[in-house]
1. Counting only residues that are over 21 Å from residue 63 (Cβ atoms) and in contact (Cβ under 8 Å) with a residue 60 or more places away in the chain, which one in the stretch 117-137 is surrounded by the most Cβ atoms within 10 Å (Cβ to Cβ)?
2. Please verify whether the stretch 73-81 includes one or more residues that are assigned to a helix (DSSP H, G or I), in contact with a helix residue (DSSP H, G or I) (Cβ under 9 Å, 6 or more places away or on another chain) and in contact (Cβ under 8 Å) with a residue 60 or more places away in the chain.
3. Tell me, which residue of the stretch 259-286 that is surrounded by 11 or more Cβ atoms within 10 Å (Cβ to Cβ) and at pLDDT below 70 is nearest to the chain's Cα centre (by Cα)?
4. Looking at 224, 189, 251, which is the one that is under 29 Å from the mean Cα position of the chain (by Cα), assigned to a helix (DSSP H, G or I) and surrounded by fewer than 15 Cβ atoms within 10 Å (Cβ to Cβ)?
5. State yes or no: is residue 98 out of contact with any strand residue (DSSP E or B) (no Cβ under 8 Å at 6 or more places or on another chain), modelled with pLDDT of 95 or more and not in a helix (DSSP H, G or I)?
6. Looking for whichever is buried (at least 17 other Cβ atoms within 10 Å of the Cβ) and either out of contact with any helix residue (DSSP H, G or I) (no Cβ under 9 Å at 6 or more places or on another chain) or under 24 Å from residue 116 (Cβ atoms) (or both) here; the options are 154, 245. Which one fits?
7. Which of the residues that make up the stretch 192-216 are surrounded by fewer than 18 Cβ atoms within 10 Å (Cβ to Cβ) and within 22 Å of the chain's Cα centre (by Cα)?
């Protein structure tokens with residue numbers, strides 16, 4: 001055989017072996033990824049991360065393993081590490097809308113609402129009908145106190161997916177902030193009908209009732225909430241105290257401020273000290289406005 005032909009035969013065989021090894025490595029990386037995905041879907045995030053690590057050890061450019069490891073880390077509240085994974089994944093594939101949805105959610109959880117908005121906008125540029133991105137965008141605008149913009153975002157989320165109970169819930173809260181009190185209550189009640197486990201929904205109705213000066217209704221709603229819930233109790237006692245104080249029921253207000261203070265509410269303790277023990281007048285008090293926390297999705 002001519003030496004030239006033999007050389008090319010050797011190169012051809014070597015190429016086949018290399019391609020076979022690469023294909024086998026990719027197959028192994030995919031297998032580890034699939035195992036990690038199973039663990040992730042079952043809520044076993046540590047096991048998922050271990051599997052994704054093994055996939056990435058075989059193939060450090062495995063986009064799905066990087067992205068999903070970021071998601072698993074975000075579930076563990078390891079937000080900075082999650083963002084690093086998303087950044088690495090973006091360098092491999094910058095055309096995947098869900099990547100920006102996840103990274104935006106991590107930024108939002110870190111309180112970086114403006115940075116989160118940029119990522120949600122990137123997501124929506126790739127997929128304008130992504131309902132979860134519209135919902136998360138609403139949460140970001142809410143945290144930035146852009147309540148009307150938040151309402152518009154929640155409207156779009158509901159247009160593309162009317163099963164997101166949280167979109168109705170936080171739209172109701174935003175409407176309450178904009179003075180649309182009855183519409184806000186109706187949205188929250190609709191959300192409660194969709195998801196009976198929605199934490200704090202009844203409390204949110206009471207806050208809107210309080211802000212619209214419906215103090216007797218707020219007290220009745222908070223009575224029901226305090227008797228049935230074990231979350232946001234300090235805030236619930238605080239608002240019930242405020243409602244009672246607005247009705248000049250100082251004794252009832254002092255009792256509730258004390259209860260809120262025992263649950264860690266420093267503002268309530270200060271009010272109890274100043275207005276219940278020192279006897280400062282109603283006119284001397286300046287109440288601080290409180291805001292709701294939002295819940296992001298990815």
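1. Checking each candidate, the answer is 136.
2. So far as the stretch 73-81 goes, yes, one or more of its residues are assigned to a helix (DSSP H, G or I), in contact with a helix residue (DSSP H, G or I) (Cβ under 9 Å, 6 or more places away or on another chain) and in contact (Cβ under 8 Å) with a residue 60 or more places away in the chain.
3. So, considering only residues that are surrounded by 11 or more Cβ atoms within 10 Å (Cβ to Cβ) and at pLDDT below 70, the one nearest to the chain's Cα centre (by Cα) is 285.
4. 224
5. So residue 98 fails the test.
6. 154
7. If the condition is that a residue be surrounded by fewer than 18 Cβ atoms within 10 Å (Cβ to Cβ) and within 22 Å of the chain's Cα centre (by Cα), then 193, 194, 195, 196, 197, 199 are the ones that fit.
The values are calculated or read from the model by the stated rules, or taken from the named source; none is laboratory data. Everything quoted here is computed from the prediction, not taken from an experiment. Please note: Cβ atoms are built from the backbone with ideal geometry, for glycine as well, and neighbour counts cover all protein chains shown.
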